[in-house]
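To start, the structure under review is shown below, and the notes come after it.
Bear in mind that the values in this text are calculations on the coordinates, not laboratory data. What you see is a predicted model; the values in this text were computed from it and never measured. FYI the Cβ positions are ideal-geometry reconstructions off the backbone, even for glycines, and counts take in every protein chain you see.
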Amino acid sequence: MVNQYRLHRRKSGYFYHRTKVPADIRELYGKQIEQRSLHTRDFRDAIRRLPAVIVAVDEAFAQFRTDHRDDLASVALNSPSGARGKPARYGCWFSRGTEPVFPPRSEPPLSMVF
């Protein structure tokens, strides 16, 4: 039923606007997902209210960027991955080129036995 971008319905029946926080501000913003209630259980009413909430959330992100411009610049310089939001690549428990090789299984998995 809910095939609209950023529109989600909770078990309670209320509709919410839900979106990811942009990667460049995510660390300082403190959340990975921003969600706001549309204060309605009616699908058509939620569709009608959604554009205004999308604009309000996008403006809140823009305002956060302008308010924390200096902090965002220092976070981008100090983070190992930069401001791209990709995780930094750290070493594994094995050195490069010595990846473990596992022998093939001689018996079928249990899900195939039963």
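Over region 7-78, what relative contact order in percent results from Cα pairs under 8 Å that are six or more residues apart?
So the answer I get is 28 percent.
Shape verdict for region 7-78, please, from the Cα gyration tensor: rounded (a/c under 1.5), prolate (a/b greater than b/c) or oblate. Provide the component values of the computation, followed by the final result.
Details: a/c = 4.36, a/b = 2.43, b/c = 1.79.
Prolate, because a/c is 1.5 or more and a/b exceeds b/c.
Which one of Asn78, Thr66, Tyr14 is farthest out on the positive end of the charge dipole of region 7-78, using unit charges on Cβ (Lys, Arg +1; Asp, Glu -1) and the Cα centre as origin?
Tyr14
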